[in-house]
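Structure record follows, encoded as structure tokens.
The values are calculated or read from the model by the stated rules, or taken from the named source; none is laboratory data. Remember, it's a predicted structure, so these values are computed and weren't measured experimentally. As a convention, Cβ positions derive from the backbone with ideal geometry for all residues, glycine included, and neighbour counts pool all protein chains shown.
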Amino acid sequence: MAERKFTIVDGGRAVEVDEREGVVLAKRAETAGRPVAVDLDEGVAYLGVTARERAAALASLEAPDFRLPDLDGRLHSLSEHRGKKVLLVAYGSW
Amino acid sequence: MYGELRGYGFTVITVAIDKSAEDARPWIAAARPTHPSLIDTTHVLADLYNIVNVPTILWLDERGRIVRPNDVAFGTDTFKSITGLEAAKHLAALRAWVRGEATAIPAARVRALQALPTDVDQQARAEFGLGEWLFTRGRTEAATRHFVRAGELAPHDFTIRRGTMPMRGIDPMGPQFREMLGAWVKAGNPYYRPLAE
């Protein structure tokens, strides 16, 4: 019988492995200090970014770069606006 | 405001933290912005900047440095009676900074004012990430389990607790939101956390 598949989502990329290997990989990431969320029924683990890494980036005061789409799907990076003062506004329809 | 200040080497970037571009579309259509108006369905920005509620604003200088950390500001006084925050106060400070009439917050003070993410916050974001991944694949029930777990881990994170309501079939302005907010405030917690200046 073929083994069930398992998906590891890391940094927005999904990799499919065998279930046993997936569980081992998730455990290993957790041991390494990564925040890991697992759903064994769904066969997927999500690997997050450590507080240490995020906190260090913010405390450096260097604004973390990002790349996000507009309504037309066109991607924009924060770094494209270097040389300008920026008001960054996060909002939600909720 | 943007029209008035863009000549000073300034831009606004708005990011809608929403479950889909369609949720944000009416807002963007109404505002008809000429500055970048972006959509973040996977909470990329919330994760990078430790954003736990909306609206959250930051000021970044020409070198890409954070000169005003996460703060609460509104563009209008629509919610003033609820929030006690006046739109004009932030706008005046922003205008003075952009026009070079006032300096931003010194680096040491910015660091003192920053709220940095903890291990539990990042664990909550991983649970959110898993939930969002499942949600976009139609696994709504499984997604809900992880959204709820994320909210339990980080009860102060309304980007998770309220922001996922539309993905859990809950009205984010409805009775369940009001109940959550009521319990939170009754326990002595602030819903909005403007900078203590």
Report summary line: Residues in region B:43-64 that are more than 7 Å from chain A (Cβ to nearest Cβ), in contact (Cβ under 8 Å) with a residue 60 or more places away in the chain and not aliphatic (A, V, I, L, M) total 2
Report task. Those residues that are farther than 17 Å from B:LEU48 by Cβ and in a loop (DSSP other than H, G, I, E, B), I need them from region B:150-169; list them, please. Result -> B:PRO155, B:HIS156, B:ARG162, B:THR164, B:GLY169
Report task. State whether one or more residues within region A:45-63 are surrounded by 18 or more Cβ atoms within 10 Å (Cβ to Cβ) and over 30 Å from B:PRO55 (Cα atoms). Result -> yes
Query raised in the report: Can you name the residue in region B:28-67 that is at pLDDT below 95 and β-branched (Val, Ile, Thr) and is also farthest from A:ALA51 (Cα to Cα) among such residues?
Result: B:THR34
Query raised in the report: So, of the residues in region A:1-43 that are in contact (Cβ under 8 Å) with a residue 24 or more places away in the chain and among the β-branched types (Val, Ile, Thr), which turns out to be surrounded by the fewest Cβ atoms within 10 Å (Cβ to Cβ)?
Result: A:THR7
Query raised in the report: Across region B:81-100, what is the total count of residues that are more than 29 Å from B:ASP121 (Cα to Cα), of a type outside the set (Asp, Glu) and more than 8 Å from every other protein chain (Cβ to nearest Cβ)?
Result: 11
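Here is a yes/no grid of residues against (1) farther than 30 Å from A:GLU42 by Cβ; (2) without any contact (Cβ under 8 Å) to a residue 60 or more places away in the chain; (3) surrounded by 17 or more Cβ atoms within 10 Å (Cβ to Cβ):
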{"residue": "B:ALA93", "(1), (2), (3)": "yes, yes, yes"}
{"residue": "B:VAL98", "(1), (2), (3)": "yes, no, yes"}
{"residue": "B:VAL110", "(1), (2), (3)": "yes, yes, yes"}
{"residue": "B:GLU127", "(1), (2), (3)": "no, yes, yes"}
{"residue": "B:ARG149", "(1), (2), (3)": "no, yes, yes"}
Query - Boolean, B:GLU141 is buried (at least 17 other Cβ atoms within 10 Å of the Cβ), of a type in the set (Asp, Glu), in a helix (DSSP H, G or I) and not assigned by TED's automatic domain parsing to the domain that holds B:ALA46 - result: no
Query raised in the report: Does region B:178-197 hold any residues that are among the charged types (D, E, K, R) and surrounded by 12 or more Cβ atoms within 10 Å (Cβ to Cβ), and which are they?
Result: B:ARG193
Query - Every residue from region A:50-94 that is part of a loop (DSSP other than H, G, I, E, B) and more than 7 Å from chain B (Cβ to nearest Cβ) - result: A:SER60, A:ASP65, A:ASP72, A:GLY73, A:ARG74
Query raised in the report: Restricting to region B:82-91, what's the tally of residues that are assigned to a loop (DSSP other than H, G, I, E, B) and without any contact (Cβ under 8 Å) to a residue 40 or more places away in the chain?
Result: 2
Query - Elements of type strands (runs of 3 or more DSSP E) contained in region B:6-76, each with 1 or more residues being more than 10 Å from the chain's Cα centre (by Cα) and aromatic (Phe, Trp, Tyr) - result: B:10-17, B:56-60
Query raised in the report: Just a yes or no: is a residue in region B:102-124 assigned to a loop (DSSP other than H, G, I, E, B), in contact with a Phe, Trp or Tyr (Cβ under 8 Å, 6 or more places away or on another chain) and not assigned by TED's automatic domain parsing to the domain that holds B:ASP61?
Result: no
